[in-house]
Each structure stands twice: as structure tokens, then as C-alpha cells.
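So the structure is just underneath, and the comments pick up after that.
The values are calculated or read from the model by the stated rules, or taken from the named source; none is laboratory data. What you see is a predicted model, and the numbers here were worked out from it, not measured in a lab. Ideal geometry is used to build each Cβ from the backbone, glycine not excepted, and the neighbour counts take in all protein chains shown.
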Amino acid sequence: MEVVDKLKILSEDSQYDLACACGTGKDDRRKRGEDGKWIYPVTLPNGGYSVLLKTLLSNVCTSDCKYCPLRSENSVRRCILTPDEISRTFMEYYKARKVFGLFLSSGIIDTPDYTMDKLIASVSLIRKKYSFKGYIHLKVIPGASEASMEEAMSLSNAVSLNIETPGRSYFNKLSQRKDFDRDIVRSLKHLSGLAKEKYPKVKLTTQFIVGASNEPDSEILKYSFGLYERLNFNRIYFSAYQENPLQPSWSETFALDSPPPASSNKLVREHRLYQSDFLIRKYGFKQEDFSYDTNGNLNLEKDPKEIWAELNPDTFPVNINSAPRELLLRVPGIGPEIASRITKYRQIHKIKELVSLGVKGKSEFKIKKYVVL
Ligand code: SF4
């Protein structure tokens with residue numbers, strides 16, 4: 001098979017892996033370039049913008065994840081790129097200035113360490129033979145040895161290992177071959193330790209698959225706090241479980257009593273989790289600031305910050321001219337950027353109108369309900 005034909009298959013199969021923030025806005029995380037489906041615009045974990053070549057090295061996989069079309073028992077067209085093929089192809093795209101970095105993941109070819117050897121060999125060629133100094137995001141395969149994790153970190157700007165579910169009991173519903181404690185938790189902790197002690201510049205990211213194991217949002221967010229606070233991860237991504245023609249029906253797959261959520265709701269749920277994640281990372285929200293329905297899920301109708309404001313009426317109105325930044329950030333409609341404009345502007349002038357901060361229209365209407373000038 002020609003390299004370009006392999007890339008067509010392998011890049012298509014990498015689409016559900018969002019752990020490199022493909023896309024730049026809330027609606028385009030799955031967006032891809034027009035010149036080959038393997039070219040993705042991305043926002044990097046440190047906030048920068050780039051265009052990556054994103055692909056799997058192999059869609060051959062010995063594992064059995066129920067949510068994944070690539071699991072071993074499914075009949076799909078399989079192929080593997082060699083380290084030489086992927087490194088050469090990446091450098092051709094890079095030299096043509098069509099991509100500026102690489103996101104490389106893989107199904108499990110034979111064993112986790114055999115796969116890691118191939119991933120590491122690919123990236124070593126790019127770094128050492130072709131002297132590429134730019135951005136590389138490498139996937140760590142669940143169950144990889146500590147030595148291979150360290151080698152991956154030594155060659156990459158970012159590494160990711162997908163946690164998939166908030167805890168062992170949900171994970172066991174999805175895979176019999178992978179072990180949550182041994183293959184996921186141990187590896188996440190080891191990556192965290194390496195980042196702390198030896199590779200502080202390497203960003204760590206992970207991803208939850210949302211809606212595949214009947215897991216509630218409250219559990220996903222509880223684990224998210226642990227990943228940020230205890231393991232110092234830089235970004236968490238959420239991927240709504242997608243039905244696929246190769247999948248049995250949702251309830252058949254997961255043997256659950258409850259009906260599957262409407263597909264539109266799955267993406268709204270994913271969006272609410274991204275909003276919550278943003279509130280944790282940028283707004284100082286704590287676990288107790290989120291509220292859930294009786295099933296432990298976030299409200300699909302309103303964003304979690306508005307819900308917090310409704311439940312804490314005593315906090316409002318906030319005085320725009322004197323409130324500390326942390327309090328400004330609790331106001332629905334005020335994000336980090338507007339909060340910065342407020343704190344800068346009021347050092348010189350009293351704020352008499354929101355429009356003097358460049359806030360108009362719907363945002364102005366929303367903010368006005370919660371502030372005094
Ligand atoms: S390890 Fe699981 S999620 Fe990854 S490719 Fe294999 S079956 Fe799919």
C-alpha cells in the first residue's frame with residue numbers, strides 16, 4: 001500500500017483522539033484541513049496555535065475497547081506505517097510548510113512496548129536524522145514500560161495517555177484486556193513524576209470518553225480535579241462517545257438499563273464538560289462549586305457558571321470598580337480577558353459604562369444583571 005493510502009486510513013481512524021486539541025474553537029475540535037485529512041489546525045496545550053500532521057502509526061490493535069471501532073475483533077482495513085515512512089512523509093510536509101508539528105498515536109501492535117518502540121523509532125528519526133526541533137505530541141500506549149515512557153518524554157513536547165473513564169468500575173465495562181490500575185493509573189502517575197523531576201517543559205494531556213460507560217459528570221470532574229491538582233496535568237479533553245456502524249447498539253454494547261442519550265445531547269454534554277474544565281483551569285472553580293442533577297450530571301440547558309450564580313445570589317451584585325479579580329470572574333459573561341480589561345481600566349478611570357471596556361450587545365446585557373458600576 002502506498003504511504004498516502006495508509007495515511008488516508010490511519011488519519012481517519014485518529015479522528016476521535018482529541019488529546020491534541022485539534023481545532024481552535026469549541027465547535028471545531030474535529031475540524032481538519034482540506035489538503036489531506038491528516039492536517040489539523042490546533043491550539044496547543046500551552047495556548048499557542050499550530051497545524052499538525054495527525055495520524056495513527058497503526059490501526060492494528062490487540063485490545064478490545066468496546067467503544068472503539070478498531071478493537072481486534074472488528075473487521076476493518078488495517079495497516080501500519082513504518083518509522084521510515086512516517087518520518088519521511090512528515091518531513092516532506094514540514095519542508096513544504098504545510099504542517100509545523102506532529103501528533104502520533106497508535107493502536108496496540110502486538111504489545112504496548114513493541115508499539116512504543118515503533119513510535120519512539122519514528123520520532124527519533126525525525127529528531128535525530130532530520131534534526132526537527134519543532135512540536136511533537138506522542139501518545140503513550142496504556143501498559144507501556146517506565147523506560148519507554150521516559151524515552152517518549154525525552155523526545156516530545158507533549159505526551160498523552162487517555163484515562164478514558166473516571167475509575168476502575170467504569171473502565172471494566174469497556175475493556176477486559178486493559179487494567180485500569182496497572183495500565184492507566186500507574187502510567188499517569190509515572191508520567192506526572194517524570195514531568196516534575198526531569199521534563200518540566202513536556203506538557204501532559206489526557207482524555208475521557210464521555211457517555212460510553214454510564215459514568216456521571218460528577219465522577220469525571222472529580223477525577224479531573226485529581227489530574228490537575230495531584231498529577232499536574234496540563235489539559236484534559238472530553239470525547240463524546242460516537243455511535244459507529246461497526247458498533248453494536250449502545251445498550252447492547254454496554255448492557256445498560258437506561259436508554260442511550262440523544263446524540264445531540266452527547267455533544268452538549270461534551271461542551272458542558274469543556275466549560276467546567278475551563279472554569280477549573282481559568283476561573284478558580286472548586287469541586288463544591290459545581291452542582292449536578294440526581295444522576296450526578298451537569299445541567300444541559302445552562303452553563304455551569306450561570307448555575308453557580310443562580311445558586312449564590314448573595315454574591316451579587318458585584319461592584320465592578322472595586323471587586324477583586326477572583327470575584328469578577330464569578331460574574332456570568334466576564335471571562336479572564338474582560339476581567340483583565342476591568343482591572344487595568346479602573347486603575348486610571350472609574351468604570352461608568354461597560355461599553356468603555358468594549359463590552360456590548362448580549363454580553364453587556366448578561367453582565368449587567370450581576371454588577372453595579
Ligand atoms: S487500545 Fe482500545 S481505544 Fe486504542 S485503538 Fe485499541 S481498541 Fe481502540
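Values computed for the structure shown
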read-out: Residue in region 154-175 that is nearest to the ligand (Cβ to nearest atom), counting only those that are over 23 Å from Y223 (Cα atoms) and either crowded, with 21+ Cβ neighbours inside 10 Å or in contact (Cβ under 8 Å) with a residue 40 or more places away in the chain (or both); value: S156
read-out: Where I342 falls short, out of the listed (1) at pLDDT 95 or above; (2) surrounded by fewer than 12 Cβ atoms within 10 Å (Cβ to Cβ); value: (2)
read-out: Close pairs from region 63-76: first within 6 Å of the ligand (Cβ to nearest atom), partner hydroxyl-bearing (S, T, Y), Cβ under 6 Å, at least 6 apart; value: C65/S175
read-out: L298 being among the aliphatic types (A, V, I, L, M), surrounded by fewer than 16 Cβ atoms within 10 Å (Cβ to Cβ) and in contact (Cβ under 8 Å) with a residue 40 or more places away in the chain; value: no
read-out: Leading residue by the ranking (surrounded by the most Cβ atoms within 10 Å (Cβ to Cβ)) among those in region 123-153 that are within 28 Å of Y223 (Cβ to Cβ) and without any contact (Cβ under 8 Å) to a residue 40 or more places away in the chain; value: I141
read-out: When residues of region 104-123 are limited to those that are in a helix (DSSP H, G or I) and of a type in the set (G, A, S), the one farthest from the ligand (Cβ to nearest atom); value: A121
read-out: Residue satisfying all of: in region 94-103; among the charged types (D, E, K, R) and either on the phi > 0 side of the Ramachandran plot or part of a loop (DSSP other than H, G, I, E, B) (or both); nearest to the ligand (Cβ to nearest atom) among these; value: K98
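To keep it simple, each residue is scored yes or no on (1) over 26 Å from E146 (Cβ atoms); (2) within 24 Å of the chain's Cα centre (by Cα).
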residue: C79; (1), (2): yes, no
residue: F90; (1), (2): yes, yes
residue: R97; (1), (2): yes, no
residue: S106; (1), (2): no, yes
residue: D117; (1), (2): no, no
residue: A121; (1), (2): no, no
residue: S124; (1), (2): no, no
